[in-house]
Amino acid sequence: MSGANSPQGGLTRRSFLKTTAAVAGAATVVGGASSLTALAENYSAGQVEAQGEQIFRGVCRPNCFGFCHINVHVRDGRVTKTSRAEYNEECYNRICQRGLSHVHRIYDPERVQYPMRRAEGTERGAGEWERISWDEALTEIADKIKSIQSEYGEGSVAFLTASGNQASGITSAYGRLQALLNASSIGPCLDMGSYYGMQAVAGLYISPLMGLQMWEGNEPTDAKNAKTIVVWGANITDAQVQNWHLVKEAMQNGTKLVVIDPVFTQIASKADKWIPIRPGSDTLLKYALMNIVLEKEAQDIEFLQQHTVAPFLVRSDTGMFVRRSDTGVEPTATGEMNPTTGEEIMLDPYMVLVDGELVEVTEALTPAIEGTYDLDGVACRTAYELLKEEILSHSPEEASKLTEIPVEDIYELADICMDTPVYHYEGYGPQAYNNGAHTTMAGLTLCALLGNLGKPGASYGAFWGVHMGLGSTYTAPNGPSTGFSIPSVDLKNVVEKGQFAGKKADIKMLWMYSANPLNTHTDTHAWTDVIIPAMEYVVVADSALTDSARYADMVLPIAQWFELEEVANAGQCSSLHYNEKAIEPLYESKPDTQIVTELAEKLGLGQYFTLSNEEILEEVYNTELGTALGMSMNDLREKKQIRFIPGDAETDPHIAYKDGAFGTASGRFEFYREMPTVRAATTKTPTPEEIDRDRMAHWFPPLEAWPENELYSKYPLVLMSERPRYRVHSQWFNTPLLREIDPEPFVKINPVDAEARGITDGSYVECFNDRGTAVAKAVFSEAIRPGTLLYPKGWQLNQHKAGGWSLLSSTEFDVFAVNNNFMDVLCDVRVWEGSDE
Ligand SMILES: Nc1nc2c(c(=O)[nH]1)N[C@H]1C(S)=C(S)[C@@H](COP(=O)(O)OP(=O)(O)OC[C@H]3O[C@@H](n4cnc5c(=O)[nH]c(N)nc54)[C@H](O)[C@@H]3O)O[C@H]1N2
Ligand SMILES: Nc1nc2c(c(=O)[nH]1)N[C@H]1C(S)=C(S)[C@@H](COP(=O)(O)OP(=O)(O)OC[C@H]3O[C@@H](n4cnc5c(=O)[nH]c(N)nc54)[C@H](O)[C@@H]3O)O[C@H]1N2
Ligand code: SF4
Ligand SMILES: [Mo]
């Protein structure tokens, strides 16, 4: 049996060895590094229109951060190939093997071609489908929405999305429908450890062009201005390929590269120094580095005084900063209104110490960063004193024991960090543990201590922006939805409790689009055993029969990226990217915008959905603001790529926190926070201890993946994932060309761990814990430290011989960051006893 319904999802084992070799070679070509010039020159020959061919501008838009501009070559209404198109900023020209294999994805015989309903009398997930017409499908969905809403309330219908396609048309159309229905939304909890950690201490940057740097750091084109690039758990050569040439070019100019990663990754192999670290322990290493900074008196006093909360006094009774009102002077009115609360802004300045006296911060040129003050019997200390105490409690020797990094290496790394400017490139590995937000907070704090922020070459973080829109009311014509906003990692709890935000919450219908949570979110069992069974109806709109689609009652075929006009609005480069329609939607597929429009008609909301896909984009971009900022649809159609942050990648790269300006309440770097607030409301409430803990970066072990954990004696291996070159998350999972090179799931294991368990290289093994199992081929690798396993992520369940990777992780989450703990997982591995075929 082959095709979408085969038990192994059409996984091919044919081996066209010749093709494989050729493609594997091409797979390493990314970007415009100078040593690849010869290849790049040959390659450009294929980027022009051949006779009888038309080229359309496409944008490849999975969330790999790349958003590569692509020439979509079309002949007789069919895409014949894809090639690299030019960015306006040349240094961002790039394409990868996935971008080159679109033809195989578009015409994948297993693509969902028509609406499919779960066959009557079969279980969800059984894989039996009945082809139906669009009219039948949308009538059924509309009836379900109406009946479920009337029985359980409007918020019982929920839409769930993730990062499958971050673009304006699709988001606007679903947003509008959701708002009009007062439906609930289930939001992604992906990479939120670092996002939360960054905004906790440094605030958010919103550019005058309406760009929001969700992950902030200097633009990677600035890395060349650093003496050293220190990579904290980023797999740049594989997961952020578009930036590798920037790192390499910096190295060719003399910048050094240090990589801190438990795994000897490809980029680690290119580094001047690789520092293997025990998973989940980065915060401790950062504190040890800060300890050495203090020992060597290398802290930047002026930066601390002027740009951080170091001189602010903290009250020992409330934990709040001392303000002028604490001295009995009433706050004064400013006459200005707070745009969010509508209340008048009152002036109540922070107080600092100068010569032992309390002074308003604006009056103090050089406030003391050390010192105490007795405020009518309440002891107060500067925030810097609190930080210092925390730093001094973590010696390099203690950190060395727990991180398993030799103490000399910690000292050497401290020297590197002190020799500024240093470009700290943070990836998403360290934050994928329950303590992840604190590694980001600690990394930024280390840099603030050294004044290594806000200048060329001096940075800590990542670089990823999203455009916030141009004042269009399209997504909420009658105001925002009154439904619930539930973080996906908490959905299981909400379903079990039937409560959210102090109200009854009966989520009974789920519509998933641009998301595959049964695969890409933690704890598949939470979905298959709790969430999905609690639903009366499940819809998935996708072009592939994913794990999530397989558990749906109705699967809707969507038009793929080059089959409609769109504007991609997120990612690295912080630009809007214009995607032209190259071909008609294949088979019976429709753009999401059209699906929403046709459904709205059946729901009696037709008067709100009179615009075509193109007109929706015009409505969203042709606002007064859009025209004023040069971001109208005309601008986009003409320019193709428009930055939504000021500057120029090559000549004027974005500098985060420029000149020490931070987006926090105080405008300073807040290594100490008065009142930590959660990123998103959940069914959990922070305890007083957790609030106290989150005021500053703190070291505490991962929830599970740590030797002290009681599970450790039973499950001694930390289960980590990597981003494979052949998929972005679960996308391209079935693309025949890529399956030739990467045919089936495998797991990398250190030979020491394998031999102790009688496992041989290339044999099938079962990774397991109390939550679930995954069977994959063992690949011996000295690059994996003993005590860990590493699997390339994104295979669908039915592509494994048994089980699946996300069955092993849990939906536990940190109450503040509300993040998926992808790597905070313990397991063990054994020889698989199942049959080979
Ligand atoms: N091909 C491909 N590219 C992708 C994606 C994809 O699925 N496929 N996904 C995209 C997305 S959404 C994201 S968020 C990015 C992520 O991009 P990256 O952050 O570059 O990649 P990750 O695989 O998340 O992890 C980075 C590294 O962290 C290491 N690591 C794990 N635990 C720790 C730890 O405790 N400390 C330290 N220091 N390192 C640790 C891992 O070994 C890994 O090498 O990749 C994007 N790019
Ligand atoms: N084990 C492990 N799992 C992880 C991670 C990890 O490090 N380890 N990383 C996580 C991270 S950081 C991320 S960002 C997530 C991503 O998680 P997801 O966003 O769920 O992953 P994708 O597979 O990229 O996309 C989901 C689906 O969107 C569909 N899609 C694409 N375009 C469109 C469209 O235009 N319309 C509709 N309706 N659907 C579309 C795709 O076909 C795909 O099936 O994965 C996470 N999963
Ligand atoms: S998958 Fe990512 S890196 Fe590859 S071509 Fe597409 S956008 Fe670019
Ligand atoms: Mo991500």
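The values are calculated or read from the model by the stated rules, or taken from the named source; none is laboratory data. Small disclaimer: the values here were computed from a predicted structure and weren't measured. Note: ideal-geometry Cβ built from the backbone for every residue, glycine included; neighbour counts use all protein chains shown. SASA here: full protein model, heavy atoms, side chains in, ligands and nucleic acids out. Shrake-Rupley method; radii C 1.70, N 1.55, O 1.52, S 1.80 Å.
Here are a few things to note about the model shown:
- Qualifying residue in the stretch 302-319 (condition: touching a residue at least 12 places away in the same chain (Cβ under 8 Å) and under 24 Å from the mean Cα position of the chain (by Cα)): no
- With respect to (1) without any contact (Cβ under 8 Å) to a residue 60 or more places away in the chain; (2) under 28 Å from the mean Cα position of the chain (by Cα), the lone exception for residue 627 is condition (2).
- Residue pairs meeting the criteria (Cβ under 7 Å; at least 6 apart or on separate chains; first free of Cβ contacts under 8 Å to residues at least 40 places away in the same chain, in the stretch 412-433; second away from ligand 4 (no atom under 16 Å from the Cβ)): none
- When every residue of the stretch 80-93 is checked against the conditions, none turns out to be within 16 Å of ligand 4 (Cβ to nearest atom), within 25 Å of residue 740 (Cα to Cα) and either in contact with a Gly (Cβ under 7 Å, 6 or more places away or on another chain) or outside the structural domain of residue 169 (by TED's automatic domain parsing) (or both).
- Check on residue 247, within 16 Å of ligand 3 (Cβ to nearest atom), more than 16 Å from the chain's Cα centre (by Cα), under 23 Å from residue 446 (Cα atoms) and crowded, with 21+ Cβ neighbours inside 10 Å: yes
- Residues within the stretch 620-638 that are in contact with a strand residue (DSSP E or B) (Cβ under 8 Å, 6 or more places away or on another chain) and surrounded by fewer than 14 Cβ atoms within 10 Å (Cβ to Cβ), tallied: 1
- Within the stretch 244-283, the set of residues being of a type in the set (D, E, K, R) and in contact with an Asp or Glu (Cβ under 6 Å, 6 or more places away or on another chain) comprises 256, 278.
- Listed by first and then second residue, the pairs with beta-carbon distance under 6 Å, at least 6 apart or on different chains, first residue in the stretch 55-77 and more than 7 Å from ligand 3 (Cβ to nearest atom), second hydroxyl-bearing (Ser, Thr, Tyr) and open to solvent by 30 Å² or more (accessible area, probe 1.4 Å), are 73/80.
- Top-ranked residue of the stretch 332-349 - restricted to ones that are open to solvent by less than 70 Å² (accessible area, probe 1.4 Å) and within 34 Å of the chain's Cα centre (by Cα), ranked as nearest to residue 362 (Cα to Cα): 338
A quick yes/no check of all residues on (1) open to solvent by less than 30 Å² (accessible area, probe 1.4 Å); (2) in contact with a Ser or Thr (Cβ under 8 Å, 6 or more places away or on another chain); (3) not small (Gly, Ala, Ser):
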site	(1), (2), (3)
268	yes, no, no
274	no, no, yes
282	yes, yes, yes
288	yes, yes, no
292	yes, no, yes
295	no, no, yes
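- Residue ranges of strands (runs of 3 or more DSSP E) in the stretch 710-813 with at least 3 members open to solvent by less than 20 Å² (accessible area, probe 1.4 Å) and outside the structural domain of residue 275 (by TED's automatic domain parsing): 717-722, 773-780, 788-792
- Selection from the stretch 644-673 of residues that are among the acidic types (Asp, Glu) and open to solvent by 30 Å² or more (accessible area, probe 1.4 Å): 648, 650, 652, 659
- The sole residue among 151, 123, 140, 86 that is away from ligand 2 (no atom under 16 Å from the Cβ), open to solvent by 70 Å² or more (accessible area, probe 1.4 Å) and within 20 Å of residue 512 (Cβ to Cβ) is 123.
- So residue 477, is it open to solvent by less than 20 Å² (accessible area, probe 1.4 Å) and either on the phi > 0 side of the Ramachandran plot or not assigned by TED's automatic domain parsing to the domain that holds residue 793 (or both): no
- Residue check for residue 233: touching a residue at least 12 places away in the same chain (Cβ under 8 Å), open to solvent by less than 10 Å² (accessible area, probe 1.4 Å) and among the small types (Gly, Ala, Ser): no
- Within the stretch 163-206, considering residues that are in a strand (DSSP E or B) and polar (S, T, N, Q), the one surrounded by the fewest Cβ atoms within 10 Å (Cβ to Cβ): 185
- Sole residue being modelled with pLDDT under 95, more than 22 Å from residue 251 (Cβ to Cβ) and more than 16 Å from ligand 2 (Cβ to nearest atom), chosen from 23, 30, 103: 23
- Among the residues making up the stretch 312-331, those that are under 26 Å from residue 301 (Cβ atoms) and among the small types (Gly, Ala, Ser) are 316, 319.
- Residue within the stretch 104-127 that is within 32 Å of the chain's Cα centre (by Cα) and within 16 Å of ligand 1 (Cβ to nearest atom) present: yes
- Some residue of the stretch 463-471 being closer than 30 Å to residue 685 by Cα and crowded, with 20+ Cβ neighbours inside 10 Å: yes
- Of all the residues in the stretch 62-83, those that are within 16 Å of ligand 2 (Cβ to nearest atom) and either part of a loop (DSSP other than H, G, I, E, B) or basic (Lys, Arg) (or both) number 7.
- Boolean, residue 506 is more than 16 Å from ligand 2 (Cβ to nearest atom), acidic (Asp, Glu) and open to solvent by 10 Å² or more (accessible area, probe 1.4 Å): yes
- Residue check for residue 114: touching a Lys or Arg at 6+ places or on another chain (Cβ under 9 Å), among the hydroxyl-bearing types (Ser, Thr, Tyr) and within 24 Å of residue 797 (Cβ to Cβ): yes
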